[in-house]
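Worksheet: one structure, shown below.
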Amino acid sequence: MTVQFSTRADGPHLRGIAIDAAPTGDGIAARHLIGGQWQDGAGRFLRIDSPATGEPLGHVPLGTADDVDRAVAAAEAARAELVEMGPFARAALCMDMAAAIDAAADEIAPLLSLEQGKPLAEAKGELGAAALGFRNAAEQIKWMETGVIPLADPTKRAHSFLQPKGVFGIITPWNFPLALPCLYYLGPALATGNAVVWVPAPSTSLVAYELVRVLVEAGLPAGALNLVTGDGAEVGDATVVHPGVHAIGFTGSTATGMTIARRGAGKPLLLELGGNGPTIVLEDADVELAAKRVAAGAFGNAGQICTATERVLVHESLHDRFVALLVQAAGDVRLGHPLDAGTTMGPLNNAAALDKMQSHMDDARARGAKVLAGGGPAKGLPTNLYFEPTVVTGLDADSLLNREESFGPVVPVLTFADEAEAFRLAASSPYGLSAAVFTRSLAAAYRFTEKLQAGIVNINEMSSYWEPHVPAGGASGTQSGLGRAGGRHTLMEMCDLKTMVVDIAV
Ligand code: NAD
């Protein structure tokens, strides 16, 4: 029997995903990993269909709070072994994981393309980034020194050291279903000696399962990483509130992040949330460079990147030239099946993502904006999730495209007359994750970087440029989250600083 799942209060996370009583068909039959054992759970399964073809790819268990409970117990039991291994042995384990991911990359990449929707070349890049998540963590943990603390009392000595927080609950989204968990959480958690309960996004759970299979084969200790699939509003929430979960790492939408902050009140939280960063093209900018990099930042991964170029504020004198170049760049995008050679952009991942794009476009049209390229799903492709690369101009600051995160391949262009207006427009959205500024002036680059509310500001580069050891995250006072992801900064977030004081006079 196949039933449709109803929309949940916290978001339509299972919209359009069928629930089956058994993993029927030829696809992948994924399972939970709990305490080193592959398990089916309570006997209901989500059927995962490809956004590229509409065809089923396989099933994952629809987990319950009981599954989470067992996963937390398994993680708790694994903690001591991870701590006893010490940082160098854990670093070696992470290097083995990285090598195993590299070795499996060609096999897993096509599934990542079919399940998430990204072109094969991007999927291969994502596998490389997933391996890098473990490799970086392995490198960093070996050299993370802590301090000796001078004291007033000459008979005492004090020093601090890093201790893992314990059991980390990790909840991740579908836009980078492998790279993001590995870079932000799984590598850093295991390197620092934390045990993990991982809840991946439902629509990309098959590829998460395949990743975990590779990690198990590479020597993952039983219980060190547990995988529980299902509805985030159930298994994610059960993880957040579980008393045996000591800390939460969450990447996803601001709305879910706010729920998690309430439900996990009192626990350490690493929250990487939504973004709607402005890219600002100043009067003295190299307009060709700006248009090229804006297009890359807006259309990469079909715009489903938290730091994507979500909106562009361009000096009024450059508008016409800039927009013409952008329309040309949109025309160069090859929208198509993610496994076809030559495809540069695939479908959106799911129906909720499409709905959001459509509602933002409807709002723009109702306000009289001009759609210069794209504007909706392409015709003649296997599903309606293939959204055309879109350029919109003539927008006002209140439009949804300007205020809210669209998370799709759209570039809304607004104009400004002077710096004051540029700053006003930049601040007209509540997010503060990333921004970009195009200018030839070093002084302007610093002026904007210091004043913009964003975790990272790229100068003469697209807003989504990032290397995994660079700290990134939301600016305080915005809705983009708290804490920093990136290299040693994440490792620090995953540890408690413990201080030891010794009286040497006794
Ligand atoms: P989402 O918030 O809908 O879901 C994220 C995860 O949370 C999923 O695994 C989901 O199942 C789970 N979840 C849902 N309800 C829950 C609940 N009540 N309790 C616990 N877990 C729950 O986000 P999404 O649509 O999967 O991802 C897109 C969003 O992620 C965008 O807003 C994007 O900007 C953001 N994102 C941020 C970063 C960053 O680094 N800041 C990176 C990538 C994506």
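The values are calculated or read from the model by the stated rules, or taken from the named source; none is laboratory data. This one's a predicted model, so the numbers in the text were calculated from it and none came from an experiment. Heads up, the Cβs are rebuilt from the backbone with ideal geometry, glycines too, and the neighbour counts pull from every protein chain shown. Just so you know, the surface numbers come from the protein's heavy atoms only, side chains and all, with ligands and any DNA or RNA stripped out. Shrake-Rupley method; radii C 1.70, N 1.55, O 1.52, S 1.80 Å.
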#### Entry: Overall dimensions of segment 139-239 by Cα: Rg and Dmax, Å
17.7, 60
### Query
Which sequence of E493, E316 reflects their accessible areas, 1.4 Å probe, from the largest down?
E316, E493
### Task
Would you kindly compute the Cα radius of gyration of the chain and its largest Cα-Cα separation (Dmax), both in Å?
23.2, 82
### Task
Round to the nearest 10 and report in Å² the accessible area of K292, as given by a 1.4 Å probe over the protein chains' heavy atoms.
130
### Query
E81 to E139: FRET efficiency via 1/(1 + (r/R0)^6), r the Cβ-Cβ distance, R0 25 Å, to the nearest 0.05?
0.65
### Task
For segment 103-118, take each phi angle, set θ = phi - 60°, evaluate the Karplus expression 6.51 cos²θ - 1.76 cosθ + 1.60, and give the result in whole Hz per residue in order, putting x for glycine and proline.
5, 9, 4, 5, 6, 7, 3, x, 5, 4, 4, 6, 8, 8, x, 7
### Query
Quick one: if the Förster radius is 22 Å, what FRET efficiency do F161 and S476 give, using the C-beta to C-beta distance and rounding to 0.05?
0.20
### Query
Can you list residues whose amide H is under 5 Å from A18's amide H, if they're 5+ apart or on another chain and H is modeled 1.01 Å from N?
R47
### Message
Below 8 Å between Cα atoms, with a sequence gap of 6+, how large is the relative contact order for segment 278-470 in percent?
### Response
29
## Note on the structure
Averaged per residue, the 1.4 Å probe accessible area of the chain, protein heavy atoms only, in Å², is roughly 38
### Query
If ligands, DNA and RNA are left out, what is the accessible area of D418 with a 1.4 Å probe, given in Å² to the nearest 10?
80
### Task
Report C306's accessible area, 1.4 Å probe, all protein chains in place, as a number in Å² to the nearest 10.
30
### Query
Using mean Cβ contacts within 10 Å as the protection proxy, how do 334-340, 238-244 order, highest first?
238-244, 334-340
#### Entry: Near-label residues of segment 296-311 by backbone N, under 14 Å of a point 7 Å along Cα→Cβ of D332
296-300
### Relative packing of 165-176, 344-355, which averages over residues the other C-beta atoms within 10 Å, highest first
165-176, 344-355
### Message
If R₀ is 35 angstrom, what is the calculated FRET efficiency for the pair A255 and N384, using the beta carbon separation as r and rounding to 0.05?
### Response
0.90
### Query
When only DSSP loop residues count, what GluC sites (Glu not before Pro) in segment 52-156 have their Cβ near at most 11 other Cβ atoms within 10 Å?
E145
### Message
Test of understanding: what is the full-extension gain from L151 to R321, defined as 0.36 nm times their sequence separation minus their Cα-Cα distance?
### Response
54.9 nm
#### Entry: Residue among S428, A351, V457 farthest towards the positive dipole end of segment 278-470, charges placed on Cβ
A351
## Note on the structure
In whole percent, the fraction of accessible protein surface over the chain that belongs to carbon or sulfur atoms, probe radius 1.4 Å, stands at 54
## Note on the structure
Scalar couplings 3J(HN,Hα) for segment 80-87 by Karplus 6.51 cos²θ - 1.76 cosθ + 1.60 (θ = phi - 60°), nearest whole Hz, x for Gly and Pro, are 4, 4, 5, 5, 5, 4, x, x
### Query
Using 7 Å Cα-to-Cβ label points, what is the V501/Q358 separation (nm, one decimal)?
6.3
## Note on the structure
For the chain, percent of DSSP beta bridges that are antiparallel (nearest 5) comes out at 45
## Note on the structure
From DSSP H assignment alone, runs of 4+ in the chain each adding -39500 (n - 2.57), the sum over residues rounded to the nearest 500 puts [θ] at 222 nm at -11500 deg cm²/dmol
